[in-house]
Structure formats: structure tokens, C-alpha cells
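Here you go, one structure.
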Amino acid sequence: MPLLLKVPQEVIIKLQIIIPFLLLLASCASGPDLSNPEVRKGVSTVKFYDQMEIKNKKYQLVKTLKVLYCTGNVGSLTHDSENAARSTLKYEALKIGANGLINYLCHLKGLDFARNCWNMSECYAEAIKIEPRN
């Protein structure tokens with residue numbers, strides 16, 4: 001016979017308020033911990049390539065990445081948000097074994113109530129693994 005616990009109504013009400021709030025806080029990427037030297041070293045090895053740079057290189061597509069990056073200040077500069085999103089894309093590429101990113105596009109969305117973000121950047125790129133030259 002399963003054990004059933006009786007949860008007081010006031011606890012259920014509090015959980016109904018707290019859980020959505022915590023989900024909203026977790027919905028925006030905070031980015032890599034750039035205070036860690038190993039993370040900075042790894043992220044610096046991932047490069048963004050344009051089509052001319054990648055044209056004569058052999059590479060394998062690893063995965064399409066999407067990063068949402070939020071800054072909390074109403075008056076924050078969108079340029080800073082995009083730079084942070086680029087760093088986050090590089091970090092995500094590093095985590096899946098990629099060493100490059102192509103077809104980068106970042107859309108500055110601004111205010112996003114659904115994710116509780118004052119200034120939202122939505123960025124996409126294809127993570128690639130460039131084969132070493134023989």
C-alpha cells in the first residue's frame with residue numbers, strides 16, 4: 001500500500017508561488033564562469049569563422065546552438081549583452097567538443113517578460129569540429 005502524506009494547504013500555496021519564480025530565474029543563461037582560468041583558456045580556443053575563413057578547411061558539423069542571454073539592468077548596453085552571449089556560445093561549443101562556430105546570428109530582443117529579462121539576446125550558431133591539417 002503506498003504511503004500518502006497530507007500536505008497542509010498553506011505549504012501547497014507557497015510552493016505554487018515559489019516554484020514558478022525559481023523557474024523564471026533559471027530560464028536565462030548566466031554564461032560561463034570566466035573567473036576560472038581553465039574555462040577562459042578553453043573558451044579562447046573556440047573561434048568564430050566566416051564563410052571565407054572556413055572555405056578551404058575540412059570540418060564536421062557538431063550541433064546547432066541557441067543561447068538566450070539576459071542582462072538585468074533596464075539601461076544596460078545591448079553590445080555588452082551580445083558579447084556575453086558570444087562567450088556563452090563559445091563555452092557551449094567547447095562543452096560538446098567543438099572548436100569553431102559558423103553562421104553566427106544574434107538577435108537583440110530587448111524586454112522579455114516571459115523570461116523575466118530586461119534585455120534579451122537570442123543567438124544562434126553552428127558548432128563545428130575543424131579537422132587538423134595533415
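The values are calculated or read from the model by the stated rules, or taken from the named source; none is laboratory data. This structure is a prediction, so every number in the text was calculated from the model and none was measured. Note that we place each Cβ from the backbone using ideal geometry, even for glycine, and neighbour counts take in every protein chain shown.
Output yes when any residue across region 37-60 is surrounded by 10 or more Cβ atoms within 10 Å (Cβ to Cβ), of a type in the set (Gly, Ala, Ser) and modelled with pLDDT under 85, and no when none is.
Within region 37-60, none of the residues are surrounded by 10 or more Cβ atoms within 10 Å (Cβ to Cβ), of a type in the set (Gly, Ala, Ser) and modelled with pLDDT under 85.
Taking region 38-64 on its own, how many of its residues are farther than 14 Å from ASN103 by Cα, of a type in the set (D, E, K, R) and part of a helix (DSSP H, G or I)?
Total meeting the criteria: 3.
Right, something else. Could you check region 93-119 and list, in sequence order, the residues that are modelled with pLDDT of 80 or more and either touching a helix residue (DSSP H, G or I) at 6+ places or on another chain (Cβ under 8 Å) or buried (at least 21 other Cβ atoms within 10 Å of the Cβ) (or both)?
Within region 93-119, ALA93, LEU94, ALA98, ASN99, GLY100, LEU101, ILE102, TYR104, CYS106 qualify.
Report, ordered by the first and then the second residue, all pairs with beta carbons closer than 6 Å, sequence separation of six or more or different chains, a first member in region 104-123 that is in a strand (DSSP E or B), and a second member that is of a type in the set (S, T, N, Q).
CYS106/SER121; LEU108/THR78; LEU108/SER121; ASN119/THR71; ASN119/SER76; ASN119/SER81; SER121/SER81
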